[in-house]
1. Of all residues in the stretch 157-192, count the ones that are farther than 11 Å from Ala213 by Cβ and not in a helix (DSSP H, G or I).
2. Given the criterion open to solvent by 20 Å² or more (accessible area, probe 1.4 Å), over 30 Å from Pro196 (Cα atoms) and touching a helix residue (DSSP H, G or I) at 6+ places or on another chain (Cβ under 6 Å), identify the matching residue among Ile102, Ile145.
3. Among what's in the stretch 176-233 and is more than 22 Å from Pro129 (Cα to Cα) and acidic (Asp, Glu), pick the residue that is nearest to the chain's Cα centre (by Cα).
4. Do you know which residues across the stretch 56-111 are hydroxyl-bearing (Ser, Thr, Tyr) and under 19 Å from Gly37 (Cβ atoms)?
5. Please verify whether the stretch 57-73 includes one or more residues that are of a type in the set (D, E, K, R), farther than 21 Å from Ala213 by Cβ, touching a helix residue (DSSP H, G or I) at 6+ places or on another chain (Cβ under 8 Å) and not in a helix (DSSP H, G or I).
6. Taking the stated definitions as given, is Ala173 under 26 Å from the mean Cα position of the chain (by Cα), closer than 30 Å to Val90 by Cβ and aliphatic (A, V, I, L, M)?
7. Pairs please, first residue from the stretch 84-97 and in contact (Cβ under 8 Å) with a residue 12 or more places away in the chain and open to solvent by 50 Å² or more (accessible area, probe 1.4 Å), second anywhere and among the hydrophobic types (A, V, I, L, M, F, W, C) and part of a helix (DSSP H, G or I), Cβ atoms under 8 Å, 6+ apart in sequence or on different chains.
8. Please go through the stretch 139-177 and give me each residue that is in contact (Cβ under 8 Å) with a residue 40 or more places away in the chain, over 29 Å from Leu110 (Cα atoms) and not basic (Lys, Arg), ordered by number.
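The values are calculated or read from the model by the stated rules, or taken from the named source; none is laboratory data. Predicted model, so just to flag it, every value in this text is computed and none were measured. Every residue, glycine among them, receives a Cβ derived from its backbone with ideal geometry; neighbour counts consider all protein chains shown. When the accessible area is computed, the model is the full protein with side chains, heavy atoms only, and any ligands, DNA or RNA have been set aside. Shrake-Rupley method; radii C 1.70, N 1.55, O 1.52, S 1.80 Å.
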Amino acid sequence: MDPMILTLVAIFGVLVLLIIFLTFFPVGLWIEAMASGVHVSIFSMMGMRLRRINPSKIVRALIKAQKAGINVNRNKLEAHLLAGGNVDRVINALISAQSAGIPLEFEKSLAIDLAGRNVEEAVKMSVNPKVIETPVVAAIAKDGIELRAKARVTVRANISRLVGGAGEETVIARVGEGIVTTVGSSETHKAVLENPDLISHTVLSKGLDAGTAYEILSIDIADVDVGRNVGAQLQMDQAEADRRIAQAKAEERRAMAVAREQEMVAEVQEMRAKVVAAEAEVPKAMAEALRNGNLGVLDYYKMQNVVSDTKMREAIAGTGAPVEKNDEA
């Protein structure tokens, strides 16, 4: 075989071995750690690679902690990274807390980060408080006037309660509840408009930050507007409801009266039908009496004269039908 080819194969093999060596043995990172005073052996770095951990994240986090004078545990950092944590954020939070004089333990910062909270942002919020603006909260005073208030809440992160403490939504809800309670207990809406700070004092005195991850520093009422006259609207609605109830009862009484009138008309018509039927039997009875000799012709004429006389009297009195001329009288 050609010596040139053997030389090229040898060089290629050496390069491959060098790449493999540098992959599993990060010499450059080891030199950087040693120069920074972080004692991590090259075999420990190789073990990190075997555990699927990026050695640069752990080593550079240790370098930052070493330069800041913070003692951290390398094994806990590796476990935190394997659990899905952010080691850079944890170290940055520890450095910021140390610079600001805020007590923050290494284990506590790991727990806060694994709880899903941004521990670095929490430390910054402890130094520079955050302003939370609540949505418009509608409340009704005792005189029935609606007020719409908006508040700005200045909060500071409470690092000791970041794990297990309630978040921003709870603070906003509690402040809204305090606004509703304060306005609702006021005799008139004018008292709230004259002294908006009454809401702030009342809400702050309730200790709304208990059990939350924040400490409320101040509550400022940004805006108060007058809304609807709810009391008058409720009275109008009640009056309208009473009117409809009275109208329904009147309709019921009218329907009952109409039904009773129809029953009476039916009874009168039935009685008239019976009278007509009885009157129809009279000629038959008279004819039968004449045939049987129970009624004479002279008696019949006398009866007709009595009927005519009765009709005449009723006509004169104005209570009966007009007098008919009796041709047979």
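1. The number of residues fulfilling the criteria is 4.
2. Ile102
3. Ranking the candidates gives Glu177 first.
4. Passing the criteria: only Ser56.
5. No: zero hits.
6. Judged against the criteria, Ala173 is not a match.
7. Gly84/Leu114; Asp88/Ala61; Arg89/Val119
8. The answer is Ala139, Ile140, Ala141, Asp143, Gly144, Ile145, Glu146, Leu147, Ala149, Ala151, Val175, Gly176.
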